[in-house]
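Asker: Below you will find the structure I want to go over with you.
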Amino acid sequence: MRTEWNLAESTWLLRGWRQNDWERSKTFVRVEDGRPDIPPVPVTVPGSVRTALVEAGIVESPYVHTRSRDSEWIENRHWSYTTTLTPEQAGSATEGTRLLLVADSLDYSGVVLLDSTEVGTFCGAAIGASFDLTDAVAAGGRTLTIVFRRVPEDIGQIGRTSRIREWKARFGYGWDWTPRIVQIGVAGRLTLTARSGLTFGDVRVLAELPAAGAAAGVVLVHAPVHAADGSQNLSDRPLTVTVSGPGVAFSQEISSGDSWHEISVPGVQPWQVTPEGGQAVNGQNLYDVTVSLADGESVVRRVGFRSVRWQQCEGAPTDAEPWICVVNGVPTFMAGVNWVPIRPDYCDVGEAEYRKRLAEYRRIGINTLRVWGGALLEQPCFYEIADEMGFLVWQELPLSSSGIDNYPPDDDEFASEFAGIARWYSLQIGHHPCVMLWGGGNELTEIVEPIVPLSGHHPAIAAARAALALHDPWRRFVTTSPLGPAVWGNEADFGKGLHHDVHGPWESTDTFQQWQRYWDGDDSLLRSEVGVGGASGLDLLTEFELVGPTTTTKQREDLHQLWMHSSAWWLDTFKNWDGTGGLATWVQDSQLRQAEWLGYAAKVTRARFPRVGGFIVWLGHDTFPCAVSLSLLDFSGRPKPAAESLRIAFSMQAVTSGNSR
């Protein structure tokens, strides 16, 4: 049996400490004796340190002007989140019952205490953790504290992937679309769980259509059962699997254990991808799969039945990976955006902000979201909304390039950790029909010249691939993106069969006529990152104090320096502007240039389908109020003119072809 309490409903207080000061008085019943540097303020769970401090008036919003710099001191304190167990919660730790604190993500490292008793430590935000509170509660402990002690110092955009071993979202340390804003805090669901008798372990549920138009769907169920004392492999316990949803009310008996059970479910209706043009999927077909123990404990996963296969692009080299995604028998052009977190303190983002952006992407005809490997797993609501709206999700594991070298550590310990993350990711989101593809990471390469994509034989990649083959056997896995054999789209190499999955270009100093020539000659099989820079609107620049007079050369230089804070990579067109027409005119011209150039590239690529599998824009939305960026949606989630040009390009009449593989 299992009883759960959502600790988001508890009252939490945040305190800030000079490093290690909190250890002078671990009895947090008398926590003020430790004299925190930052006195207690309310904090939410999930929730970040910075947002709690902003709401308490201790620091200013990091999104105005260059004030993100003013809160970088947060990284150099220790922080405690404290709450008190209720009598009901504490009273549940009776004989034969274990009381566990279960966290989806604690960002980044620290210790969990019950009163002065240390019940466990944690390190790494990419995977969940649990802590047994039973003995500490039995001894009278009631005050629960999570202390965050340190964050990594040097894992930002420029560095060496071969030296980065920390499992934390790297983008917060500064990328070409955000300054340094490092999240600290409870970054996912936090629950208190009382377990007694028999209880489920990690239940996995997968669903698919074995073929387009199949009369029955297939559900795979893996449902281990444990005793509350931790014993496992109870393989003889009867379980009931129930599938309910549009036109289906189905159940079947199975037994618990470590093996997969394959169940045929007649009469299911297919889950569908967002249609051409971005209109809503009416009545998306989603089903609840409930796995139940005889004593009443149950686990529910919402699934969709769909067939996802891959076929080669027409005319592709024989050694090329297949890049036409065939959904329910229909070859589908991947009209996509690269997805990054909505905010640097991403654990504070509510469901409404996800819905706002995803609804806009659907409106402009996007059907594919590549969740980029420089961040971590998205919040649960992201995948739930993607299921509802009919998006395809390409989910990368948390590895990314670093500019100096892009080769991950290759020792056994790192490979084992990476395989564990792959297992965790598949447990969290493997049941979602939106997830179509796993990727090992972003822009990973060998340490050779000329540069080539990382080999699938790399120990960490091989370990992750093996873990996913075991725990998510129906989905495709690719080593990295771009997958090669060439990494970047080089015009001089068009026609040589080298451009399979390639990245770039992201900007150009050429003329528009040269840009047109480039795309007219393109022979790539997939463009998984393409961008053009464009300014945010003048109203947003004004709101976040990113404007000023630009009459003189000195004033333009000052504004250029201000914009370097978040947009340093994309300021060439502003740097060369002579001030003619005023700032409003320059902003308008910049946005129209982005729309024209990106729209042309998308239109020409879309017209080549099925000789090409897709066009995925870098970047979908801004995480920070950038003066200039490659995004389609600005910091507030509003579309730039480039979004409309993409809507037109992606609404072209579909062309389909056979030869599925």
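Asker: Among what's in region 291-317 and is small (Gly, Ala, Ser), out of contact with any Lys or Arg (no Cβ under 6 Å at 6 or more places or on another chain) and not in a strand (DSSP E or B), pick the residue that is surrounded by the most Cβ atoms within 10 Å (Cβ to Cβ). Explain how you work it out, then say what you get.
Answerer: Our first condition is that a residue be small (Gly, Ala, Ser); within region 291-317, this holds for 292, 294, 296, 298, 304, 307, 315-316.
Now narrow it down to the ones that are out of contact with any Lys or Arg (no Cβ under 6 Å at 6 or more places or on another chain): 292, 294, 296, 298, 304, 307, 316.
Keeping just the survivors that are not in a strand (DSSP E or B) gives 294, 296, 304, 307, 316.
Working: Ala294: 10, Gly296: 8, Gly304: 25, Ser307: 20, Ala316: 21.
Among them, the one singled out is Gly304.
Asker: Looking only at residues in region 532-563 that are within 26 Å of Gly172 (Cβ to Cβ) and touching an Asp or Glu at 6+ places or on another chain (Cβ under 8 Å), which one is surrounded by the fewest Cβ atoms within 10 Å (Cβ to Cβ)?
Answerer: So, considering only residues that are within 26 Å of Gly172 (Cβ to Cβ) and touching an Asp or Glu at 6+ places or on another chain (Cβ under 8 Å), the one surrounded by the fewest Cβ atoms within 10 Å (Cβ to Cβ) is Gly537.
So that you can scan it fast, the table gives a plain yes or no per residue for (1) touching a residue at least 60 places away in the same chain (Cβ under 8 Å); (2) under 28 Å from Ala467 (Cα atoms); (3) part of a strand (DSSP E or B):
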position	(1), (2), (3)
Arg165	yes, yes, no
Arg170	yes, yes, no
Gln183	yes, no, no
Gly188	yes, yes, no
Thr193	yes, yes, yes
Pro210	yes, yes, no
Gly217	yes, yes, yes
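Asker: Considering region 243-258 alone, what residues qualify as being over 19 Å from Thr199 (Cβ atoms) and under 30 Å from the mean Cα position of the chain (by Cα)?
Answerer: Of everything in region 243-258, those that are over 19 Å from Thr199 (Cβ atoms) and under 30 Å from the mean Cα position of the chain (by Cα) turn out to be Val243, Ser244, Gly245, Pro246.
Asker: Does Ser25 satisfy being hydroxyl-bearing (Ser, Thr, Tyr) and either surrounded by 21 or more Cβ atoms within 10 Å (Cβ to Cβ) or modelled with pLDDT of 95 or more (or both)?
Answerer: On the way: hydroxyl-bearing (Ser, Thr, Tyr): yes; either surrounded by 21 or more Cβ atoms within 10 Å (Cβ to Cβ) or modelled with pLDDT of 95 or more (or both): no.
No; evaluated as a whole, the condition is false for this residue.
Asker: So which helices (runs of 4 or more DSSP H) stay within region 564-652 end to end and still have 2 or more residues that are at pLDDT 95 or above and open to solvent by 30 Å² or more (accessible area, probe 1.4 Å)? Break it down into steps so the answer makes sense when it comes.
Answerer: Values: elements: 572-575, 582-608, 641-650.
The helices (runs of 4 or more DSSP H) meeting that bar are 582-608, 641-650.
Asker: Given the residues Leu114, Leu144, Leu100, which is the only one that is open to solvent by less than 30 Å² (accessible area, probe 1.4 Å), without any contact (Cβ under 8 Å) to a residue 40 or more places away in the chain, more than 30 Å from Arg180 (Cα to Cα) and out of contact with any Phe, Trp or Tyr (no Cβ under 6 Å at 6 or more places or on another chain)? Don't jump to the end; show me each part of the working.
Answerer: Working: Leu144 fails: without any contact (Cβ under 8 Å) to a residue 40 or more places away in the chain; Leu100 fails: without any contact (Cβ under 8 Å) to a residue 40 or more places away in the chain.
Answer to the check: Leu114.
Asker: Looking at region 490-527 only, could you name the residues that are open to solvent by less than 20 Å² (accessible area, probe 1.4 Å), more than 20 Å from Val448 (Cβ to Cβ) and either free of Cβ contacts under 8 Å to residues at least 40 places away in the same chain or in a strand (DSSP E or B) (or both)?
Answerer: Across region 490-527, the qualifying residues are Leu526, Arg527.
Asker: Additional query: Which one of these is of a type outside the set (A, V, I, L, M, F, W, C) and over 30 Å from Arg423 (Cα atoms): Gly174, Gly91, Gly188? Walk me through how you get there before you give the answer.
Answerer: Working: Gly174 fails: over 30 Å from Arg423 (Cα atoms); Gly188 fails: over 30 Å from Arg423 (Cα atoms).
That would be Gly91, the only listed residue that is of a type outside the set (A, V, I, L, M, F, W, C) and over 30 Å from Arg423 (Cα atoms).
Asker: Also, quick follow-up: Give me a count of the residues in region 318-335 that are buried (at least 24 other Cβ atoms within 10 Å of the Cβ) and touching a Ser or Thr at 6+ places or on another chain (Cβ under 8 Å).
Answerer: 4
The values are calculated or read from the model by the stated rules, or taken from the named source; none is laboratory data. Bear in mind the structure is a predicted one, so any value in this text is a computation, not a measurement. Every residue, glycine as well, gets a Cβ built from its backbone with ideal geometry; the counts of neighbours run over all protein chains shown. Each accessible area value is taken on the protein alone, full model and side chains, heavy atoms only, with ligands, DNA and RNA left out. Shrake-Rupley method; radii C 1.70, N 1.55, O 1.52, S 1.80 Å.
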